[in-house]
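Read the figures in this text as sums done on the coordinates, not as results from a lab. Computed from a prediction, not measured in an experiment: that's the story for all the values here. Glycine also receives a Cβ, built like all others from the backbone with ideal geometry; neighbour counts cover every protein chain displayed.
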Amino acid sequence: MSAPPQTRRICTSIEIQMNTYRIAVIAGDGIGQEVIPAGIEIITAAAVQHGFRCEFTEFPWGSEFYLRTGRMLDTDAVDQLMKFDAIYLGAIGDPRVPDHVTARELILPLRQRLRQYVNLRPMRLLPGITSPLAGRTAADIDMVCVRENSEGEYCGIGGRLHSGTPDELAQQTGIFTRRGIERIARYGFALARTRPRKLVASATKSNALQHAMVMWDEVVAEVAAEFPDVTCRKYHVDAIAARMITHPQTLDVILASNLFGDILTDIGSAISGSLGVGPSGNINPDRTTPSMFEPIHGSAPDIAGQGVANPIAAIWAGAMMLDHLGERAAHDAILRAIERVIGDERVKTPDLGGRATTAEMTTAVRARLQPQAA
């Protein structure tokens, strides 16, 4: 009787490729040095849960770098950044360096040279935060501003003559192009189409700025015709600023020029309860260069180093970055964790009326990020 054949166990291993994203980190100045590490902690935790990796490379650029070198950035900074999938920025600003230096030599050049022509800023009143607008709830304040980010009033064209004399004059020129207006309007209408109310409010001042803003109105109207399912309403910028205070529930997607969007989003963050919760993205929708994500707050030198800065805006900006990179589930998980922590009201940083530290708020968000915390 022959022996039974031997049985062999064959194990096949399948290597699963994990998406890896290279993130350039510019923590910058003041509380940027505190909130960006908090954001990295949450992003890393979300990446582990959702099966991808983020590799962070830090750059020392900012005001301290300027005080050492006379430059806000390396001369080849843009070339260095082109090697990354996204940029994570903290805050820029230092009392020792003039504001026009910090803005014009770091933030604005990166936005312009990397063709980040969309500045996207959600403005929401989260449950658990009290708005300075009496009686308003989270249902009343839920807007997003689509701000033109590469031209307009921040182009830097102009100059000064006869400095220090009674005849001194300054000229600042705003540049508006059909191409620039078309692409920002098209982005805004496409975004509005994905939101329940499908509503765009275009901020203008064509009654006084008869060239640039009349052109803005005309081009926005042309783009609006491509989106018949989206309602577009035109407001003078002063009127829309007032409406954000008196009737915020009537606004959804706000389409604005560079200067107007900058001002309106600070109002939006204020009525949302704190600058400490407002995120933003500087986005190149063409994806030919890395986009940059940051909290909208400044470097807050008055509280820097005290460990009490609110990290929510930086964490939310990090979530926006993950969404842009295609990790929507991780974005949603982080945003749910933020909403749970804020809604619970037990952990509040000083800007929200509490005593929690940056680390305590970060720990709370990370704990709510866990699947069992659902």
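For each of Leu322, Leu259, Leu67, count neighbouring Cβ atoms within 10 Å of the residue's Cβ, then give the residues from fewest to most. Could you put the intermediate results ahead of the total?
Working: Leu322 26, Leu259 17, Leu67 11.
The most exposed by this proxy come first: Leu67, Leu259, Leu322.
Given contacts defined as C-alpha pairs under 8 Å and at least six residues apart, what's the relative contact order of region 228-374, whole-number percent? Intermediate values should be presented prior to the final figure.
Working: 159 pairs, mean separation 25.2, N = 147.
Relative contact order comes out at 17 percent.
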Worksheet item: Under unit Cβ charges (Lys, Arg +1; Asp, Glu -1), what dipole magnitude, rounded to 20 debye, does region 165-213 have relative to its Cα centre?
Response: 720 debye
Item to complete: Rank Arg121, Arg346, Arg111 by mean-square fluctuation in a GNM of the chain with C-alpha springs under 10 angstrom and give only the top-ranked residue.
Response: Arg346
Practice prompt. Assign one of three labels to region 234-330, namely rounded, prolate or oblate, based on the Cα gyration tensor with a ≥ b ≥ c the square roots of its eigenvalues; rounded applies when a/c is under 1.5, prolate when it is not and a/b is larger than b/c, and oblate otherwise.
Written response: oblate
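Net charge around Ala330, counting only other residues with Cβ within less than 12 Å of its Cβ (Lys, Arg = +1; Asp, Glu = -1)?
On the way: positive: Arg53, Arg328, Arg336; negative: Asp323, Glu327, Asp332.
Charge balance in the 12 Å sphere: 0.
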Worksheet item: Taking the Cα centre of region 78-222 as origin and charging only Cβ (+1 Lys, Arg; -1 Asp, Glu), how large is the dipole, in debye to the nearest 20?
Response: 620 debye
Worksheet, complete the sentence: Put in order of increasing Cβ neighbours within 10 Å, starting from the fewest, His162, His50 give His162, His50
Worksheet item: Cβ under 15 Å from Val214's Cβ, Val214 left aside: what net charge do those residues give with Lys, Arg +1 and Asp, Glu -1?
Response: 0
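About the Cα centre, and with charges only on the beta carbon of Lys, Arg (+1) and Asp, Glu (-1), how big is the dipole of the chain? Nearest 20 debye, please.
1040 debye
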Worksheet, complete the sentence: If one builds a Gaussian network model of the chain from Cα atoms under 10 Å apart, the most fluctuating residue listed among Pro127, Pro279, Pro290 is Pro127
Worksheet item: What ranking do Phe59, Phe189 get, fewest neighbouring Cβ atoms within 10 angstrom at the top?
Response: Phe59, Phe189
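How much length is gained on full extension from Met215 to Ile175, taking 0.36 nm per residue of separation minus their Cα-Cα distance?
Computed gain between Met215 and Ile175 is 13.3 nm.
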